[in-house]
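Data first, discussion second: the structure below is written as structure tokens.
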Amino acid sequence: MKSVIFIAPPAAGKGTISQKLIDLGYMHISTGDMLREEISKKSKLGLEIEDIMAKGNLVSDEIVFELIKNKLNNLKSSFILDGFPRTINQAQMLDKLLNELKIDNYEVIYLDINLEEAMHRALGRLSCEKCGAGYNKYYDQMKPKVDNICDKCGSNLIGRSDDNEESFKVRFETFVKNNAPIKEFYESKNKLHMIDATKGSEKTTEEVKEILND
Ligand code: AMP
């Protein structure tokens with residue numbers, strides 16, 4: 001199966017769709033998850049980036065590239081890149097690394113969603129503090145059975161500190177500001193596929209699988 005790079009505004013569903021693909025044997029590389037882990041470990045890096053992330057701003061290209069470089073250098077299966085690249089500089093750094101590793105069997109999928117719908121999703125988003133399972137209090141099919149309790153392991157559900165209105169707007173606008181050259185870059189390499197990400201996660205996952213099986 002082909003690897004996949006998701007480029008998408010926040011709350012377009014990258015994480016949800018990635019979870020549905022993991023069972024197929026993919027290695028899931030989420031820069032947001034890796035950075036949040038550094039924050040929860042209170043590592044030196046975590047302390048450095050906590051405030052930047054809470055405000056919805058981007059962490060430096062060098063820091064994030066170092067994280068994904070370690071993962072890609074140790075690949076044992078096809079990969080899902082979730083949240084990287086987010087700047088044209090990151091796209092170029094990634095391209096160079098993939099060339100060095102002789103990896104070309106991948107597609108780039110753009111999950112398209114407007115600000116209003118993405119904001120609604122983000123403000124309802126919850127995840128289990130223990131097992132990481134994702135929920136959404138605004139969508140019947142994604143609500144937990146008991147408010148704020150994980151269906152899978154019974155632990156508490158929590159929201160992300162950057163899923164508030166102010167940070168979310170910054171994150172969405174940052175995406176829009178940086179995305180045009182990234183999109184052009186992958187278009188010129190004939191790698192880019194656009195998907196309407198507002199039709200629900202099942203339909204979107206189906207469309208993603210069709211592209212990756214092609
Ligand atoms: P995500 O979980 O993908 O929504 O990412 C959460 C936050 O992590 C972003 O708002 C950024 O602060 C930071 N982040 C994740 N990926 C990157 C990246 N590729 N470049 C810079 N910052 C990133």
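The values are calculated or read from the model by the stated rules, or taken from the named source; none is laboratory data. No experiment lies behind these values; they were computed from the predicted model shown. Counting neighbours? That spans all protein chains shown, and the Cβs are built from the backbone with ideal geometry, glycine included.
Could you count how many residues in region 97-118 are surrounded by fewer than 20 Cβ atoms within 10 Å (Cβ to Cβ), touching a helix residue (DSSP H, G or I) at 6+ places or on another chain (Cβ under 9 Å) and not acidic (D, E)?
6
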Hey, L67 hits all of (1) touching a Phe, Trp or Tyr at 6+ places or on another chain (Cβ under 8 Å); (2) more than 8 Å from the ligand (Cβ to nearest atom) but one; which does it fall short on?
(1)
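Considering each residue of region 142-164, count those that are among the charged types (D, E, K, R) and modelled with pLDDT of 95 or more, and give that number. Break it down stepwise before answering.
The initial filter retains those residues of region 142-164 that are among the charged types (D, E, K, R), namely 143, 145, 147, 151-152, 160, 162-163.
Applying the additional criterion that residues be modelled with pLDDT of 95 or more yields 143, 145, 147, 151-152.
Number satisfying all stated conditions: 5.
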Count of region 1-60 residues which are closer than 20 Å to E173 by Cβ, among the β-branched types (V, I, T) and in contact (Cβ under 8 Å) with a residue 24 or more places away in the chain:
3
